[in-house]
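Enquirer: The structure under discussion is supplied below as structure tokens; questions concerning it will follow.
The values are calculated or read from the model by the stated rules, or taken from the named source; none is laboratory data. Predicted model only: the values in this text are computed from it and were never measured. We place every Cβ from the backbone using ideal geometry, glycine too, and count neighbours over all the protein chains shown. When the accessible area is computed, the model is the full protein with side chains, heavy atoms only, and any ligands, DNA or RNA have been set aside. Shrake-Rupley method; radii C 1.70, N 1.55, O 1.52, S 1.80 Å.
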Amino acid sequence: MIGKWLHRLLRRCSHSIAPTATAARPAEVSSQDTRAPSDGPLALLQPFQIRPMNSGDLGELLGVFRQAIQVSAAAQYNQQQRDAWSRAQSHESLISALSEGEAVVAEWDNVLVGFAHRINDYINMVFVHPNAGREGIATLLYQRLEDGARMEGMTELTAHVSLTAHGFFHFMGFTSEGQEEAERNGVSLARYPMRKPLI
Ligand SMILES: CC(C)(COP(=O)(O)OP(=O)(O)OC[C@H]1O[C@@H](n2cnc3c(N)ncnc32)[C@H](O)[C@@H]1OP(=O)(O)O)[C@@H](O)C(=O)NCCC(=O)NCCS
């Protein structure tokens, strides 16, 4: 685990130093972003910032949600399924959903690249922008939520997990209890109920 983290840190440091450091950032966000990327040794040691969500994040969250579904889930779900899943949340419903429980976001050079949400013992959402995938961002987001659950005395976490996220949740220690079908806007999507005891 530590080896993987160090590998990612070194990979991220080399991205940050390179002149094309912003190339892998979410295109639709970075093209509008006029804020300077953070630099210096501390930024290299903390390539991502995980922090509680605030109301100023909501505009970017829906973009991350939709891009994660449309791009990262393309191998597991067809276009009709991805459209139905993506449309299942509007700006308003996302605000409402995130208003209870614990919501955390990941920032990379001041750009929001992921978010995760927990209600009590239920991991409700984990979404990472496809341009920032496989860098350990979902791992850090999830760990923050698991820490919060442990501090609240939870003894187990549960989730309904997309086919796309099954490998990630398995990596985080969840086990599945068989596949089931969920409906979004009249379209059926396969998913896994999963759980993880917090010992
Ligand atoms: C699932 C998702 C959140 C993972 O985010 P991520 O930041 O890329 O995940 P991490 O980099 O932290 O992955 C950690 C480990 O999980 C596992 N993992 C992550 N994505 C995986 C995938 N697509 N297939 C298999 N294993 C995967 C790997 O073991 C990975 O370690 P590695 O990169 O060293 O091999 C992201 O792909 C996503 O947003 N998907 C689309 C939306 C979605 O399905 N969300 C979940 C709804 S329930």
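Enquirer: Output ³J(HN,Hα) for the stretch 129-146: one whole-Hz value per residue in order, computed from phi by the Karplus curve 6.51 cos²θ - 1.76 cosθ + 1.60 with θ = phi - 60°, and x for Gly and Pro.
Expert: With the stated coefficients, the stretch 129-146 comes to 4, x, 6, 10, x, 6, 10, x, 5, 4, 4, 5, 4, 4, 4, 4, 5, 5 Hz.
Enquirer: Sticking with this one: Determine the per residue accessible area of the stretch 47-197 with all protein chains present and a 1.4 angstrom probe, expressed in square angstrom. Show your work: numbers first, answer last.
Expert: Values: 6750 Å² over 151 residues.
Each residue of the stretch 47-197 exposes 45 Å² on average to a 1.4 Å probe.
Enquirer: Where Lys and Arg each count +1 and Asp and Glu each count -1, what net charge lies around Ala73 among other residues with Cβ under 13 Å from its Cβ?
Expert: Residues near Ala73 contribute +3 overall.
Enquirer: What are the radius of gyration and Dmax of the stretch 146-193, computed over its Cα atoms and given in Å?
Expert: Final numbers for Rg and Dmax: 12.8, 38 Å.
Enquirer: On to the next question. Quick one: net charge around Met154, please, counting Lys, Arg +1 and Asp, Glu -1 for every other residue with C-beta under 15 Å from its C-beta.
Expert: With Lys, Arg at +1 and Asp, Glu at -1, the neighbours total -1.
Enquirer: Put +1 on the Cβ of each Lys and Arg and -1 on the Cβ of each Asp and Glu in the stretch 47-197; which of Gln80, Tyr192, Leu58 then has its Cα farthest toward the positive end of the dipole?
Expert: Of the listed residues, the answer is Gln80.
Enquirer: Relative contact order, percent, of the stretch 47-197 when contacts are C-alpha pairs under 8 Å separated by at least 6 residues? Each step should come with its number before you reach the end.
Expert: Numbers: 244 pairs, mean separation 34.9, N = 151.
Averaging sequence separation for qualifying contacts and normalising by length gives 23 percent for the stretch 47-197.
Enquirer: So, with +1 on the Cβ of K and R and -1 on the Cβ of D and E, and no other charges, what is the size of the charge dipole of the stretch 47-197 about its Cα centre, to the nearest 20 debye? Provide the component values of the computation, followed by the final result.
Expert: Details: 12 positive and 18 negative charges, 60 e Å.
Dipole magnitude for the stretch 47-197 comes out near 280 debye.
Enquirer: Tally Lys and Arg at +1 and Asp and Glu at -1 over the other residues with C-beta under 15 Å from the C-beta of Asn120: what net charge comes out?
Expert: Local charge sum for Asn120: -3.
Enquirer: Here's something else I'd like to know. Where the accessible area of the stretch 103-199 is counted over protein heavy atoms with a 1.4 Å probe, how much of it, in %, is carbon and sulfur?
Expert: Roughly 47 percent of what the probe reaches on the stretch 103-199 is carbon or sulfur.
Enquirer: Next question. Which log10 I(q)/I(0) values, to two decimals, does the stretch 47-197 give at q = 0.09 Å⁻¹ under the Debye formula with one point per Cα?
Expert: -0.25
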